[in-house]
Structures are given as structure tokens and as C-alpha cells.
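The values are calculated or read from the model by the stated rules, or taken from the named source; none is laboratory data. Computed from a predicted model, the values in this text were never measured in an experiment. Here the Cβ is made from the backbone with ideal geometry for all residues, glycine too, and neighbour counts use every protein chain on show.
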Amino acid sequence: MPKPKMKRGNTGRARLSLCFFFFLSTLAVAAETKLTLSPYLDFSHSSNIFWNAYQVADTTLSPGLGLDMGTNSWNLFLEANGRFYKSNNYLNSSMVAGGVSFFKIISARTSLYVSPDFSLTYYQNDLSFLNTAVPGITVGVKHAFSKHVFSRLSLGMRQSNYLNEDSYDRTRLAAFLELSSFFSTQTTLRLTLGMNYLLFPHIGMPSSSAAWVAPAAGASADLHNRRGFPSRPVAPLDGEATTDAATIDLAIPQPYIVMRVAQGLGYKTGLVAEFLYRKNQNSLEGIHAIAASEWALEQVDEDFFWQGARISLGIKTEAFWGLEFALDFSYFNKEYKGIDALDLDGVSIQPLAFRSDTQKQVNMRIAKRIGAIDLFVAGGYRDNHSNDLYFRYDFFTISGGMELSI
């Protein structure tokens with residue numbers, strides 16, 4: 001289990017920080033602004049909510065409210081939403097977020113932007129150890145070398161601070177340089193060179209049990225325990241001593257490259273192809289203490305510790321009946337150097353090997369705007385093949401929703 005925090009002063013500071021973003025909304029009275037208020041409602045069904053071999057299905061409802069306003073020099077957004085599960089209601093969560101972007105034109109070809117943001121995510125009862133405050137900031141410069149060549153330099157920092165335990169805490173530093181070329185043939189070429197720096201300052205190394213794994217309805221609890229993880233987290237009583245033998249820190253420099261080609265077909269249709277490759281400079285050894293539940297980690301910071309390649313192809317068009325139609329396909333080759341591949345009993349496979357996945361994913365979305373209302377339906381399918389049997393799974397999702405702009 002993750003290591004519980006005995007002091008919860010961070011919660012008050014997190015709420016105070018969020019109030020700062022709400023205070024920024026008073027900027028609207030000082031300048032002429034464009035204001036958009038967007039209540040929305042999403043409905044979705046997934047055949048595998050935990051992304052593992054136990055294939056637990058459930059249906060979720062997600063109501064929310066967004067506020068966006070700005071001028072030519074700044075833009076502010078606020079959002080609040082909830083996620084409610086039909087069968088596994090202990091997974092219910094709520095989130096509030098806010099941010100503001102400032103823009104400054106330095107010259108005819110160069111502009112500067114600064115964008116701080118903040119979010120708070122809350123779970124209930126047994127999952128309170130996933131309550132997270134995430135402040136972040138991005139600073140960037142855009143420069144036009146000519147009418148056809150543009151560049152962007154960006155620096156960012158994001159701190160995921162789990163309010164009731166330490167082990168999942170992490171800092172992500174990100175930097176990238178992007179060069180884009182536009183041609184009269186409606187072709188865009190883009191090259192991105194970047195670096196992610198991922199820091200886990202105090203991963204708990206428990207002496208008796210490891211990270212929480214989401215319970216699988218109908219699955220054998222004994223099977224979970226044989227793998228080495230409790231089937232359900234149990235919060236210690238206030239003041240109860242923990243059994244952690246030690247904590248470690250883990251830093252992962254991760255350089256990456258992205259090459260992207262986009263081709264327009266008229267004014268309403270576009271094709272996109274993209275290749276990404278990234279390489280961890282350090283082993284993930286030690287992260288196995290929290291990596292068993294990929295679902296728990298990816299709720300707030302998706303897929304941040306694998307290395308390898310991704311190829312994506314996509315098409316988007318508005319050429320038919322005023323509908324927005326998008327279809328994309330992705331293929332991943334993921335390596336988790338430092339994390340042993342296990343069978344469902346938690347025993348290392350033979351011969352010994354690190355976890356390695358290949359993943360195929362397809363997504364489709366159809367949207368239509370009718371006056372002030374946006375309607376959409378979407379579907380997705382993922383097939384993940386892994387030498388770790390716990391992560392050999394597939395799933396599909398179907399969702400629909402509406403958003404009203406006031």
C-alpha cells in the first residue's frame with residue numbers, strides 16, 4: 001500500500017491555490033472580454049475499466065461545467081466535473097481545475113506566452129490516497145522565420161502532489177523545440193525535439209504488501225493476493241505506524257522525437273501521420289512498488305514511464321452533412337526496462353525478462369453543432385499484448401454527450 005501522510009496541511013494550501021484562479025476571474029471587469037459558459041454531460045461504457053486481464057465492465061456518467069473568457073492578451077478557464085460509476089461507485093471522483101494564459105507580442109514575428117494552471121481531483125473512502133493537487137506552469141516563445149516556417153520553444157513544470165500519501169508524488173519537467181513548415185500544396189511538416197524529466201522523490205518500498213490493484217468484480221481475491229497485491233486498499237487508523245522498510249527516489253530523463261506530416265484535401269478534410277520515439281535514460285527499477293496498478297497512475301498523468309515507439313494515422317473531415325468526423329489508428333511498441341514481467345500469480349516469467357507491450361488502438365468520433373449545442377458520439381478499441389499476463393487485455397468504449405455554449 002502507498003505510504004499515508006499523517007499531516008494534511010497540503011490540502012488547505014491546494015484549496016487556497018485554486019481560489020487564486022477563481023480570483024483571476026475578476027479580470028473580466030477590467031477589460032472587454034469574450035465569455036463562454038459550457039455545461040456538458042458525457043455518458044460512456046467500457047468493457048474493461050481497469051485496463052487489465054480481469055475485464056471488469058461498467059458505465060459512467062460525467063456532468064461538468066466549464067467557463068472560458070479572455071481578450072487578445074489573456075485567456076482564463078475554469079472547470080468542474082464529476083465521474084460516477086454505475087456498479088463500482090467507490091471509484092467516483094470529482095475534479096476542479098483552472099488556468100490562465102497570458103500573451104505578449106514582442107515583435108512582428110515573435111510572441112511570448114505564460115500559462116499557469118491548477119487542478120484538484122478527489123476520490124472517496126478507500127481511494128482517498130489518489131486525491132491529487134496538480135499545479136503546473138508553461139512558458140513558451142513562438143517565432144516566425146518566414147511565411148512558411150515557424151518555430152516554438154516551450155518549457156513546463158507539473159507537480160502531482162498526492163494529498164494523503166507520498167509514494168505516487170512526482171514532478172514532470174518538459175521542454176521541447178518545434179519547427180513547422182507550411183507549403184502551398186496544403187502540406188505541413190513538423191519536427192519536435194523534446195525532453196521529459198520525471199522525478200519520483202519518495203517511492204514507498206513496503207515490507208509486507210505492494211501497490212494497490214483495483215479489485216476485479218467476480219475475480220478471485222486469492223489470485224490478486226498471489227500476485228502480491230491486496231485486492232482492496234485499507235486505510236490505516238490515525239497514528240498507526242507504517243511498515244515501510246525504506247523509500248527511494250527515481251529520476252527518469254526521457255528525450256524524445258516526434259515527426260508529423262499533415263496533408264489537407266480541400267478546405268474540409270485533412271490527413272495526419274505521426275511517428276514518436278522516446279528513450280528512458282535510467283532504469284525503472286524500484287517503480288514496481290507503485291506500477292502494478294497502471295490504471296491508478298494514468299488517471300492523472302497518462303503513460304508517462306514507458307519507452308519505445310508510436311505510429312499514428314488519422315483523418316478528419318467536415319465534408320458530409322455538416323458533421324465533424326474523425327478516425328485515428330495508433331500502434332505502440334512499449335518497453336518497461338526495470339519492471340519484471342510476471343504471470344498472474346506474481347511469479348517472474350522464465351526466462352527472466354522486463355515487461356514489454358505491443359498495443360493497437362483505434363478511435364472514432366462524430367460531432368455535430370446545432371446552434372449553441374454540440375453533440376457527439378465516440379467509440380474506441382484497444383488491444384494490449386504483453387509478456388506480463390496481468391496486462392494482456394483488450395477493451396472497447398462507447399460514449400456520447402452534449403455541450404451547451406451560453
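Of all the residues in region 258-281, those that are exposed (fewer than 14 other Cβ atoms within 10 Å of the Cβ) and closer than 19 Å to Ala309 by Cβ number 5. Answer yes or no as to whether Phe395 is without any contact (Cβ under 8 Å) to a residue 40 or more places away in the chain and either surrounded by 17 or more Cβ atoms within 10 Å (Cβ to Cβ) or of a type in the set (A, V, I, L, M, F, W, C) (or both). No, not satisfied. Of all residues in region 351-392, those that are farther than 23 Å from Phe305 by Cβ and either surrounded by 14 or more Cβ atoms within 10 Å (Cβ to Cβ) or in contact with a strand residue (DSSP E or B) (Cβ under 7 Å, 6 or more places away or on another chain) (or both) total 16. Residues that are at pLDDT 95 or above, in contact with an Asp or Glu (Cβ under 8 Å, 6 or more places away or on another chain) and among the hydroxyl-bearing types (Ser, Thr, Tyr) do occur in region 140-151. Taken over region 102-125, the criterion of being surrounded by 16 or more Cβ atoms within 10 Å (Cβ to Cβ) and of a type in the set (A, V, I, L, M) is satisfied by Leu120 alone. Which of the residues belonging to region 154-181 are touching a Phe, Trp or Tyr at 6+ places or on another chain (Cβ under 6 Å) and either in a strand (DSSP E or B) or modelled with pLDDT of 95 or more (or both)? Within region 154-181, Ser154, Tyr162, Glu165, Arg170, Leu173, Ser180 qualify.
On the stretch given as region 48-63, residues that are surrounded by fewer than 19 Cβ atoms within 10 Å (Cβ to Cβ) and either out of contact with any Phe, Trp or Tyr (no Cβ under 7 Å at 6 or more places or on another chain) or over 30 Å from His385 (Cα atoms) (or both) total 4. Among the candidates Ser128, Ser87, Ser151, the residue that is surrounded by fewer than 17 Cβ atoms within 10 Å (Cβ to Cβ), without any contact (Cβ under 8 Å) to a residue 40 or more places away in the chain and either polar (S, T, N, Q) or not in a helix (DSSP H, G or I) (or both) is uniquely Ser151.
Among the residues making up region 96-154, those that are of a type in the set (A, V, I, L, M, F, W, C) and closer than 21 Å to Leu65 by Cβ are Val96, Ala97, Val100, Phe118, Leu120, Ala133, Val134.
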